[in-house]
Amino acid sequence: MFLHTAILHHATDNDATADAPEPPMPAFELLPGAPDSPVLLHVPHSARAIPRDVRDGILLDEAALERELDHITDAHTAELAGRAAGAAGKVPWRFVNRLSRLVVDPERFPDEREEMLAVGMGAVYTRTTHRAQLRPADTDPRPLVERYFLPYAEAMTRAVAGRLAATGRAVVVDVHSYPARALPYELHGDGPRPPVCLGTDPFHTPPKLLAAAREAFAGCGETGLDSPFAGTYVPLAYYGTDPRVEALMIELRRDTYMDEPGGPAGPGLDRLAAALATLVDAL
């Protein structure tokens, strides 16, 4: 796999814009869907890109960082969401993180509420999937939180607000993947690891949404609930207070659609994309 750590433009002698630096790549992207679609596919962990200055704060050498990205990245999930959007009868909206979760993890709490702080994997990771040192233990997370985490959270809040304004409801479908075998960082890795895990929230995941997901993914193998990963993403502005915001996490076991770790996608990706499209159409 190629490691995408450099995002700066390398000018040549024939480059007429050699004196002008290339604008940095976007940290995230909102891809519009149908104006009357309430569905927002959220893809937070699919990217491998790390800005060069952020890379400088990571202790791993290039080979070790590439291996870590293989383990920590939800590979091909952006492609899966894109295929599902193209196949759906009504195109959903998509919010896609374009930077690696090793920059910041937008799905963590940015403070002491985050249980993954116990293994050095809060909003800014200091440990790897195998609990090795990723950044110095005394790393101050605030600069990365302010630069990347907060703008991401604000943009997701606006995206959900847009669906509410347009349709009266918003359905956030988190698209993730996880390894067939538990990694050392997992706090709840001793439970079932079905081909499809549905992560739920007691307030934001109504029975109708859960039933629709079970039906849509019925042909993809066993569908489990909240194991090995539980919960789902809801912007804090709506969390626990606005029932118009529904949410569900889809966790796909990686051996069902790709070579682990970090390898190419296989034919299983098409089957899962079709199932996700079926879910979108049901919503």
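The values are calculated or read from the model by the stated rules, or taken from the named source; none is laboratory data. Here the structure is a predicted model, which is why all the values come from computation and not from measurement. All Cβ positions, glycine included, derive from the backbone under ideal geometry; neighbour counts span all protein chains shown. Surface areas here come from the heavy atoms of the whole protein model, side chains and all, with no ligands, DNA or RNA. Shrake-Rupley method; radii C 1.70, N 1.55, O 1.52, S 1.80 Å.
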- Residue with peak Gaussian network fluctuation, the chain [Cα springs, cutoff 10 Å], from His42, His176, His188: His188
- Message: Among Ala218, Leu183, Pro206, which residue has its Cα furthest toward the positive end of the charge dipole of segment 178-227, with +1 on Lys/Arg Cβ and -1 on Asp/Glu Cβ?
- Response: Ala218
- Item | Burial ranking of peptide ranges 135-146, 241-252 (average Cβ count within 10 Å, highest at the top) | 241-252, 135-146
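Ignoring everything except DSSP H segments at least 4 long, calculate the 222 nm mean residue ellipticity for the chain; use -39,500 (n - 2.57) per segment, divide by total residues, nearest 500. The partial results should precede the final answer.
On the way: 6 runs with 69 residues, N = 283.
The helix-only estimate for the chain comes to -7500 deg cm²/dmol at 222 nm.
Over segment 230-283, with the other protein chains present, what is the accessible area per residue in square angstrom, probe 1.4 angstrom? Mind showing how you got there, number by number?
Numbers: 2160 Å² over 54 residues.
Ligands and nucleic acids excluded, the figure is 40 Å² per residue.
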- Among rounded, prolate and oblate, which fits segment 113-215 when a ≥ b ≥ c are the square roots of the eigenvalues of its C-alpha gyration tensor, a/c under 1.5 means rounded, and a/b larger than b/c means prolate? oblate
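At 1.4 Å probe radius, can you tell me the per residue accessible area of segment 150-228 in Å²?
Working: 3320 Å² over 79 residues.
For segment 150-228, the per-residue accessible area is 42 Å².
Accessible area of the chain with a 1.4 Å probe: how many percent of it is carbon plus sulfur? Kindly include the intermediate steps, with their values, before the conclusion.
Working: 7070 of 12860 Å².
The value for the chain is 55 percent carbon and sulfur by accessible area.
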- Query: Any idea what the dipole of the chain comes to, in debye rounded to 20, about its Cα centre with Lys/Arg Cβ at +1 and Asp/Glu Cβ at -1?
  - Reply: 720
- Task: Evaluate the relative contact order of the chain (contact order divided by residue number), counting alpha-carbon pairs under 8 angstrom at least 6 apart; express in whole percent.
- Result: 22
- If you compute Kirkwood radius over Cα pairs in Å for the structure shown, which of [x] 19.4; [y] 22.5; [z] 18.8 do you land on? [x]
- What is segment 79-134's relative contact order, in percent, from Cα pairs under 8 angstrom and six or more apart in sequence? 22
- Note on the structure: Which of Pro51, Pro264, Pro92 fluctuates most in a GNM of the chain (C-alpha springs under 10 Å)? That residue is Pro264
- Message: Less than 14 Å Cβ to Cβ from Asp174, Lys/Arg counted +1 and Asp/Glu -1: what total charge do the surrounding residues give?
- Response: -4
